[in-house]
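I have placed the structure first, in the form of structure tokens, so that the comments after it can refer back to it.
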Amino acid sequence: MIKIKRALISVTDKSGIAEFAKELADMDVEIVSTGGTAREIRGANISVKDVSDLTGFPEMMDGRVKTLHPMVHGGILALRDNAEHRQQMEDHAILPIDMVVVNLYAFEKTVAKEGVSLADAIENIDIGGPTLLRSSAKNFRYVTVVVDPSDYSKVLREMKANDGATALTTRFELAIKVFITTNKYDKAIAGYLEGIDPLRDPYFI
């Protein structure tokens, strides 16, 4: 079983996230977070490290670029039992990330609003979130990935019962949920964009 020592949390749906983060902190899990999520967690008097402190780069371009960095994805994607990967992590001071908690920009809710523009829709296409989710789900052998807030309690129960660890079968089930989620998300984006007429939409004028 993989004991969780460091978690990266970046969520649009913040319901229950402060409580979840507190439970993690109580189990001595270091929490790394971004933007509004970090403020939410910090506002609940929970210690949190900004992702910019991890990467050495500020969040930039209105938040478009914040987690797309080797210090993040190296920590997620490294094979823990691969000596070469471990050496590369050491050489570049990359810290392992054992848990990723992410849910995505509310694209479908945005485009369902009356009068929404293509520009607004584009700004609600999540890039970093799906990348974090896919990286974590790919490496489920070592990383616990949580995309659905309804799984917080299940993950916490398992961690408490196993000295802060989760089982491989649990990580596999959570990874499957990630790929179902990102597949649905991409289909929603593609479906919306297919309905845009470039000859009529003001975005192209």
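For segment 158-205, give me the residue count where each residue is closer than 20 Å to residue 21 by Cα and of a type in the set (Ser, Thr, Tyr).
Going through segment 158-205 one residue at a time, the tally reaches 2.
The conditions are (1) touching a His at 6+ places or on another chain (Cβ under 7 Å); (2) at positive phi, and residue 135 fails exactly one of them. Which is it?
Unmet condition: (2).
Within segment 62-87, track down each residue that is out of contact with any Ser or Thr (no Cβ under 7 Å at 6 or more places or on another chain), in a helix (DSSP H, G or I) and either at pLDDT 90 or above or closer than 13 Å to residue 132 by Cβ (or both).
Of everything in segment 62-87, those that are out of contact with any Ser or Thr (no Cβ under 7 Å at 6 or more places or on another chain), in a helix (DSSP H, G or I) and either at pLDDT 90 or above or closer than 13 Å to residue 132 by Cβ (or both) turn out to be 74, 75, 83, 84, 85, 86, 87.
When you look at residue 153, is it within 23 Å of residue 26 (Cβ to Cβ), of a type in the set (Gly, Ala, Ser), touching a helix residue (DSSP H, G or I) at 6+ places or on another chain (Cβ under 6 Å) and modelled with pLDDT of 95 or more, yes or no?
No, not satisfied.
Kindly indicate whether residue 79 is more than 30 Å from residue 202 (Cα to Cα) and touching a Lys or Arg at 6+ places or on another chain (Cβ under 9 Å).
yes
On the given criteria, is residue 155 within 24 Å of residue 22 (Cβ to Cβ), surrounded by 18 or more Cβ atoms within 10 Å (Cβ to Cβ), touching a Ser or Thr at 6+ places or on another chain (Cβ under 6 Å) and not charged (D, E, K, R)?
no
In segment 1-15, what residues are under 15 Å from the mean Cα position of the chain (by Cα), part of a strand (DSSP E or B) and not basic (Lys, Arg)?
Those that are under 15 Å from the mean Cα position of the chain (by Cα), part of a strand (DSSP E or B) and not basic (Lys, Arg): 7, 8, 9, 10.
Go through (1) surrounded by 13 or more Cβ atoms within 10 Å (Cβ to Cβ); (2) of a type in the set (Asp, Glu); (3) without any contact (Cβ under 8 Å) to a residue 40 or more places away in the chain one by one and return the number of the condition residue 91 breaks.
For residue 91, the exception is condition (1).
Looking for something touching a strand residue (DSSP E or B) at 6+ places or on another chain (Cβ under 7 Å), touching a residue at least 24 places away in the same chain (Cβ under 8 Å) and among the small types (Gly, Ala, Ser) - is there at least one such residue anywhere in segment 187-203?
no
In segment 16-45, how many residues are modelled with pLDDT of 90 or more and assigned to a loop (DSSP other than H, G, I, E, B)?
6
Give the residue, chosen from 160, 109, that is among the charged types (D, E, K, R), surrounded by fewer than 19 Cβ atoms within 10 Å (Cβ to Cβ) and in contact (Cβ under 8 Å) with a residue 60 or more places away in the chain.
160
Could you count how many residues in segment 159-181 are within 25 Å of residue 104 (Cβ to Cβ) and either assigned to a loop (DSSP other than H, G, I, E, B) or touching a Leu at 6+ places or on another chain (Cβ under 6 Å) (or both)?
Number satisfying all stated conditions: 1.
Just to be sure before I move on: is residue 130 modelled with pLDDT under 95 and more than 19 Å from residue 17 (Cα to Cα) in the structure I sent?
Spelling it out, it is not the case that residue 130 is modelled with pLDDT under 95 and more than 19 Å from residue 17 (Cα to Cα).
Going through segment 28-49 one residue at a time, which ones are in contact with a helix residue (DSSP H, G or I) (Cβ under 7 Å, 6 or more places away or on another chain) and surrounded by 15 or more Cβ atoms within 10 Å (Cβ to Cβ)?
31, 32, 33, 34, 37, 40, 41, 46, 48
The values are calculated or read from the model by the stated rules, or taken from the named source; none is laboratory data. Predicted, not measured: the structure shown is a model, and the values here were computed from it. Heads up, the Cβs are rebuilt from the backbone with ideal geometry, glycines too, and the neighbour counts pull from every protein chain shown.
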